[in-house]
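Undergrad: Structure provided below as structure tokens; questions to follow.
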Amino acid sequence: MLATLWHVEVGVGDELDPNFELGPLGPDRVVAQEVTVRNPDMIGLQIAARAEGTTEPLNVRADLLAADTLVDTRILQVFPSTTLQLQRATFDRPAPVGPVAVRLRVEPEQAGGVVYGATRDDQWPGVLRLDGRVEFADQDLALRVLHRRSLWTHTEALVGDLRAARAVATLTLAALAAGLGLIAAVTTRALRTSQPDPRPGRP
């Protein structure tokens, strides 16, 4: 029961490590990265970006699309910086399993543009599109997909089997409970030994 109730947001893939920058892209430019969702618990993404040519943060619209149908939208604030900063978008609706696209565009009527972290490692099976065109097939936005998982579902994703996941989760919770019990017992014993003896002393 506790394994089902306990939830955490998990980033999938390596830590973001862009090896080049894409941009700056202003309100007239659109960048979109295709990714494949393998589990029905994707709730967001993490990108690396920075604003340029402005002293104010820029609002960036992040659209999640499946088969060209809009699933959800979030607005990110990207601040001016000389280095890429991690940005996080959490959607209200989970992405469907299968190919989806993350589309990013600076909101209209804003000065400046956004520089995005990208990679030449072909991190995702889908393509990177700039203004609807595939520029280089081996380039991707540097992003991580975020999942919301319980202890059971995350362990299942790691080991690939529901029964094994439940066994690992149960053992983890049992070990945690045993550790907490041991801490409580040691703390109680320490408190008892530190208290003065209430019995009157002998003359």
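The values are calculated or read from the model by the stated rules, or taken from the named source; none is laboratory data. Bear in mind the structure is a predicted one, so any value in this text is a computation, not a measurement. Neighbour counts run over all protein chains shown; Cβ positions are idealised from the backbone, glycine included. The area values use the complete protein model at the heavy-atom level, side chains included, leaving out ligands, DNA and RNA. Shrake-Rupley method; radii C 1.70, N 1.55, O 1.52, S 1.80 Å.
Undergrad: Checking the structure you have, find out if any residue of the range 60-72 is at pLDDT 95 or above and farther than 17 Å from MET42 by Cα.
TA: yes
Undergrad: Have a look at LEU86, LEU58 and point out the one that is among the hydrophobic types (A, V, I, L, M, F, W, C) and touching a residue at least 60 places away in the same chain (Cβ under 8 Å). Give the derivation first.
TA: Working: LEU58 fails: touching a residue at least 60 places away in the same chain (Cβ under 8 Å).
Of the residues listed, the single one that is among the hydrophobic types (A, V, I, L, M, F, W, C) and touching a residue at least 60 places away in the same chain (Cβ under 8 Å) is LEU86.
Undergrad: Here are some conditions: (1) in contact (Cβ under 8 Å) with a residue 40 or more places away in the chain; (2) more than 17 Å from the chain's Cα centre (by Cα). LEU141 meets all but one. Which one does it not meet?
TA: It is condition (2) that LEU141 fails.
Undergrad: Being within 24 Å of ASP17 (Cα to Cα) and touching a Ser or Thr at 6+ places or on another chain (Cβ under 8 Å) narrows it down to one residue among GLY117, GLY98, GLY126; which is it? Reasoning before the result, please.
TA: On the way: GLY117 fails: touching a Ser or Thr at 6+ places or on another chain (Cβ under 8 Å); GLY98 fails: within 24 Å of ASP17 (Cα to Cα).
The match here is GLY126.
Undergrad: Taking the range 44-59, which residues are over 10 Å from VAL115 (Cα atoms), open to solvent by less than 20 Å² (accessible area, probe 1.4 Å) and modelled with pLDDT under 95? Can you show your working first?
TA: Of the residues in the range 44-59, the ones over 10 Å from VAL115 (Cα atoms) are 44-47, 53-59.
Of the ones still in play, those that are also open to solvent by less than 20 Å² (accessible area, probe 1.4 Å) are 44-45, 47, 58.
Correct list: GLY44, LEU45, ILE47.
Undergrad: Could you check how many residues of the range 32-41 are farther than 15 Å from TRP124 by Cα and open to solvent by less than 30 Å² (accessible area, probe 1.4 Å)? Before you say what the answer is, go through the steps one by one.
TA: To start, the set of residues in the range 32-41 that are farther than 15 Å from TRP124 by Cα comprises 39-41.
If we keep only those that are open to solvent by less than 30 Å² (accessible area, probe 1.4 Å) too, we end up with 41.
Count: 1.
Undergrad: Report yes if some residue within the range 67-75 is more than 19 Å from LEU16 (Cβ to Cβ), out of contact with any Phe, Trp or Tyr (no Cβ under 9 Å at 6 or more places or on another chain), open to solvent by less than 10 Å² (accessible area, probe 1.4 Å) and not polar (S, T, N, Q); otherwise report no. Talk me through it step by step, then tell me what you get.
TA: Of the residues in the range 67-75, the ones more than 19 Å from LEU16 (Cβ to Cβ) are 67-73, 75.
With the extra rule that they be out of contact with any Phe, Trp or Tyr (no Cβ under 9 Å at 6 or more places or on another chain), the set shrinks to 67-70, 75.
Applying the additional criterion that residues be open to solvent by less than 10 Å² (accessible area, probe 1.4 Å) yields none.
Within the range 67-75, none of the residues are more than 19 Å from LEU16 (Cβ to Cβ), out of contact with any Phe, Trp or Tyr (no Cβ under 9 Å at 6 or more places or on another chain), open to solvent by less than 10 Å² (accessible area, probe 1.4 Å) and not polar (S, T, N, Q).
Undergrad: Scan the range 16-55 for residues that are in contact (Cβ under 8 Å) with a residue 40 or more places away in the chain and either in a loop (DSSP other than H, G, I, E, B) or in contact with a His (Cβ under 8 Å, 6 or more places away or on another chain) (or both) and report the count.
TA: So the answer is 16.
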